[in-house]
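The values are calculated or read from the model by the stated rules, or taken from the named source; none is laboratory data. These figures come from a predicted structure and were not determined experimentally. Cβ atoms come from the backbone with ideal geometry, glycine included; neighbour counts cover every protein chain shown.
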């Protein structure tokens, strides 16, 4: 009788009676890879189901995830990583179009803070690595949302979870705009950037209280506040770096 490689309990069968680990792991082959892809894309808790639910009813979907059932959607951070990876791939093939036209990227590309080279470098790094900075900005946006929705019954971490989902969909809109522009040669990236911003504001209002107009106004203000907090943080870090390195 073999012992379980995870908990060392005796195993007499295909699975450990204590932790449930398979007694023998199957060899990784082509079928394993195809099953993994199928699980991500097509099961009820897969990527396509998550995207559809978040586009149609983002507020209800995320509230249900937080309070009732966390098995139906792709995990929020994983979802943001996947959508950011999609964006990075699209950005690789359509770099010029996205940087020249996106409302999200263009300000960072053109940012130049006189006398603060580290701040300028950070802004440009964000433009070049938007997929990664997308995750970081979610933390600051959560603070902005919390400021304007102080009475809401969600803590900062739950708001961040919502923003992972919402930012993921927003990122997909940006990617779609770039792809469609490359096909049609129409100026669609600015439109997709605007759609992304509108979606974030609308989704946040839906998440907080979809019946109140004030929710959508606060949603807009919360993103403005979050952006300002994020920009102030970058400037502060840049000043510290420039001071330490003697650039000031």
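Is it true that residue 74 is touching a helix residue (DSSP H, G or I) at 6+ places or on another chain (Cβ under 6 Å), surrounded by 20 or more Cβ atoms within 10 Å (Cβ to Cβ) and at pLDDT 80 or above?
Numbers: touching a helix residue (DSSP H, G or I) at 6+ places or on another chain (Cβ under 6 Å): yes; surrounded by 20 or more Cβ atoms within 10 Å (Cβ to Cβ): yes; at pLDDT 80 or above: yes.
Yes: the conditions hold for residue 74.
What are the pairs with Cβ atoms under 8 angstrom where one residue, in the range 180-196, is free of Cβ contacts under 8 Å to residues at least 12 places away in the same chain and the other, located anywhere, is assigned to a helix (DSSP H, G or I) and surrounded by fewer than 16 Cβ atoms within 10 Å (Cβ to Cβ)? Sequence gap at least six, or different chains.
Cβ pairs passing all conditions: 186/180; 188/180.
Any residue in the range 177-190 that is touching a helix residue (DSSP H, G or I) at 6+ places or on another chain (Cβ under 8 Å), in a helix (DSSP H, G or I) and either under 23 Å from residue 57 (Cβ atoms) or at pLDDT 90 or above (or both)? Can you show your working first?
Narrowing the range 177-190 to residues touching a helix residue (DSSP H, G or I) at 6+ places or on another chain (Cβ under 8 Å): 177-182, 186-190.
Checking which are in a helix (DSSP H, G or I) leaves us with 177-182, 189-190.
Filter once more, so that each one left must be either under 23 Å from residue 57 (Cβ atoms) or at pLDDT 90 or above (or both): 177.
Within the range 177-190, one or more residues are touching a helix residue (DSSP H, G or I) at 6+ places or on another chain (Cβ under 8 Å), in a helix (DSSP H, G or I) and either under 23 Å from residue 57 (Cβ atoms) or at pLDDT 90 or above (or both).
Counting just the residues of the range 203-227 that are out of contact with any helix residue (DSSP H, G or I) (no Cβ under 8 Å at 6 or more places or on another chain) and assigned to a helix (DSSP H, G or I), which one comes out surrounded by the fewest Cβ atoms within 10 Å (Cβ to Cβ)?
The residue in question is 213.
From the list 44, 2, which one is in contact with a strand residue (DSSP E or B) (Cβ under 8 Å, 6 or more places away or on another chain), surrounded by fewer than 11 Cβ atoms within 10 Å (Cβ to Cβ), more than 20 Å from residue 160 (Cα to Cα) and modelled with pLDDT under 75?
Going through 44, 2 in turn, the sole match is 2.
When you go through (1) under 22 Å from residue 201 (Cα atoms); (2) at pLDDT below 90; (3) surrounded by fewer than 16 Cβ atoms within 10 Å (Cβ to Cβ) one by one for residue 83, which number turns out not to apply?
It fails just one condition, (3).
Could you figure out which of (1) under 16 Å from residue 91 (Cα atoms); (2) at pLDDT 85 or above isn't true of residue 214?
All conditions are met except number (1).
Taking residue 66 as the residue in question, decide whether it is closer than 15 Å to residue 174 by Cβ, part of a helix (DSSP H, G or I) and modelled with pLDDT of 80 or more.
Criteria not met by residue 66.
Is there a residue in the range 152-160 that is modelled with pLDDT under 90, touching a helix residue (DSSP H, G or I) at 6+ places or on another chain (Cβ under 6 Å) and crowded, with 16+ Cβ neighbours inside 10 Å?
Within the range 152-160, one or more residues are modelled with pLDDT under 90, touching a helix residue (DSSP H, G or I) at 6+ places or on another chain (Cβ under 6 Å) and crowded, with 16+ Cβ neighbours inside 10 Å.
For the range 146-164, give me each residue that is within 18 Å of residue 216 (Cβ to Cβ) and either assigned to a helix (DSSP H, G or I) or free of Cβ contacts under 8 Å to residues at least 40 places away in the same chain (or both).
The answer is 146, 147, 148, 150, 151, 159, 162, 163.
Between a residue in the range 52-66 that is within 18 Å of residue 198 (Cβ to Cβ) and any residue that is surrounded by fewer than 17 Cβ atoms within 10 Å (Cβ to Cβ), which pairs come within a Cβ distance under 6 Å, given they are 6 or more apart or on different chains?
So the pair list comes out as 59/210.
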